[in-house]
Amino acid sequence: MRHFTSVFDLPNLNEALKQAAEVKKNPFGYEHLGKHKTCLLIFFNNSLRTRLSTQKAARNLGMDVIVLDVNQGAWKLETERGVIMDGDKSEHLLEAIPVMAQYCDVLGVRSFARFESREDDYTEKILNQFIKYSGKPVFSMEAATGHPLQALADLITIEEHKKVERPKVVLTWAPHPRALPQAVPNSFADFMNEANVDFVITHPEGYELDPKFVRGAKVEYNQKKAFEGADFIYAKNWSCPGVTNPDKYGQILSKDMSWTVDTEHMNWTNDAKFMHCLPVRRNMIVTDDVIESPNSIVIQEAANRVVSAQTVLKMILESEF
Ligand code: CP
């Protein structure tokens, strides 16, 4: 595997899950793979979990790690070709990418949706420039439309906590005060559609995710019906994906607090585990009681971010070097 931007980059999902279990059991067993290799982590946006877990994963594999916060200390970057650069942006991404690539062997990139153009976001304009111009293996640390390291960690967590062979997994929209990207729900859907789960998506009308991520998943607009019999509840806010309403792309259509996951919601389920990628807005997405309950596995999910990053980096190192 050279690049990792979606579930389809993994040669085989079940094999990746087996490797993840191995990595978790024996985190320092592959230290030789990263010797004299440098992993550069480039952040255009804030992060807590991805920043820490990916560094930890790379170090477990024996790699050196450099972290660059583009907006803190680096030159402000122009991303559009053809622009007369007479403003506050001192460097163009088209030079910055190949220069950054000189100092590393593998690049991780975090670059969120900008909501300026649905086409730019959904063609992953920034991430794909890194793939095209760096000449190095590139992995997504959350791009405009996907967060595959998170989704792999989510699936690892579901595998560890499931009580039946094919659990019912529900992705539910929940309210949030700010317009958030669709990267997490898109990748979660991407992975669940390839996994051995009964997958249901629930959200208010207008929040339909892009069909390339929904694929054959069941969409249920009635949240209560969706929750019935669920073994896992995965809550997440996302802004309007602009599928049925392109003019509303990236906008907030609803702040309906009846969608907040509270104890009554969890009582509709089959004693479901509660999941969220974090950071989470308490009492918007989920109540204090639910996130603090024994059924909440958000910390275990975050811990598995090291496992997912290490599994992906291991696969890149094994196939590229
Ligand atoms: N879940 C996640 O990616 O967290 P951070 O944004 O803190 O990295």
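The values are calculated or read from the model by the stated rules, or taken from the named source; none is laboratory data. Just so we're clear, the structure is a prediction, and the values are computed from it rather than from any experiment. Cβ atoms come from the backbone with ideal geometry, glycine included; neighbour counts cover every protein chain shown.
Applying the criterion of being surrounded by 14 or more Cβ atoms within 10 Å (Cβ to Cβ) and closer than 18 Å to ALA153 by Cα to the residues of the range 273-290, the residue that is farthest from the ligand (Cβ to nearest atom) is LYS273. Close contacts from the range 53-68, counting a first residue that is in contact (Cβ under 8 Å) with a residue 12 or more places away in the chain and of a type outside the set (D, E, K, R) and a second that is within 15 Å of the ligand (Cβ to nearest atom) and in a loop (DSSP other than H, G, I, E, B), with Cβ to Cβ under 9 Å and a gap of 6+ residues or different chains, come to THR54/SER47; THR54/MET141. Residues in the range 101-146 that are at positive phi and of a type outside the set (Gly, Ala, Ser): PHE115, GLU124, GLU142. Here the condition is being touching a residue at least 12 places away in the same chain (Cβ under 8 Å), within 23 Å of SER254 (Cα to Cα) and of a type in the set (Lys, Arg); of ARG215, ARG118, it holds for ARG118 alone.
In the range 46-89, how many are within 30 Å of PRO27 (Cα to Cα), within 16 Å of the ligand (Cβ to nearest atom) and polar (S, T, N, Q)? Summing the residues that are within 30 Å of PRO27 (Cα to Cα), within 16 Å of the ligand (Cβ to nearest atom) and polar (S, T, N, Q) in the range 46-89 gives 6.
All of (1) in contact (Cβ under 8 Å) with a residue 60 or more places away in the chain; (2) closer than 28 Å to PHE191 by Cα; (3) more than 16 Å from the ligand (Cβ to nearest atom); (4) assigned to a helix (DSSP H, G or I) hold for MET100 with one exception: (2).
Criterion first (closer than 13 Å to THR311 by Cβ, surrounded by 15 or more Cβ atoms within 10 Å (Cβ to Cβ), away from the ligand (no atom under 16 Å from the Cβ) and at pLDDT 95 or above) does ASN12 satisfy it? No: the conditions fail for ASN12. Which one is farthest from the ligand (Cβ to nearest atom), of the residues in the range 298-311 that are touching a helix residue (DSSP H, G or I) at 6+ places or on another chain (Cβ under 6 Å) and of a type in the set (A, V, I, L, M, F, W, C)? Residue satisfying both the conditions and the ranking: VAL307.
Listed by first and then second residue, the pairs with beta-carbon distance under 7 Å, at least 6 apart or on different chains, first residue in the range 145-159 and within 11 Å of ALA20 (Cα to Cα), second within 12 Å of the ligand (Cβ to nearest atom) and among the charged types (D, E, K, R), are ALA153/GLU301; ALA153/ARG305; THR157/GLU301. Given the criteria buried (at least 18 other Cβ atoms within 10 Å of the Cβ), within 22 Å of MET141 (Cβ to Cβ) and of a type outside the set (D, E, K, R), does GLN72 qualify? Judged against the criteria, GLN72 is not a match. For first residues located in the range 26-45 and more than 16 Å from the ligand (Cβ to nearest atom), partners that are among the charged types (D, E, K, R) and lie 6+ apart or on another chain with Cβ distances below 7 Å form the pairs TYR30/LYS314; LEU33/LYS314; LEU33/GLU318; LYS37/ASP105; THR38/ASP64; THR38/ASP105. The residues of the range 159-196 that are buried (at least 22 other Cβ atoms within 10 Å of the Cβ) and of a type in the set (Val, Ile, Thr), listed by number, are VAL169, VAL170, THR172, VAL184. Listed by first and then second residue, the pairs linking a residue in the range 180-200 that is at pLDDT 95 or above to a residue that is assigned to a helix (DSSP H, G or I) and small (Gly, Ala, Ser), with Cβ atoms under 7 Å apart and 6 or more places separating them unless they lie on different chains, are SER187/ALA151; PHE188/ALA151; ASP190/ALA151; PHE191/ALA151; VAL200/ALA226. VAL23 - would you say it is within 16 Å of the ligand (Cβ to nearest atom), modelled with pLDDT of 95 or more and outside any loop (DSSP other than H, G, I, E, B)? No: the conditions fail for VAL23.
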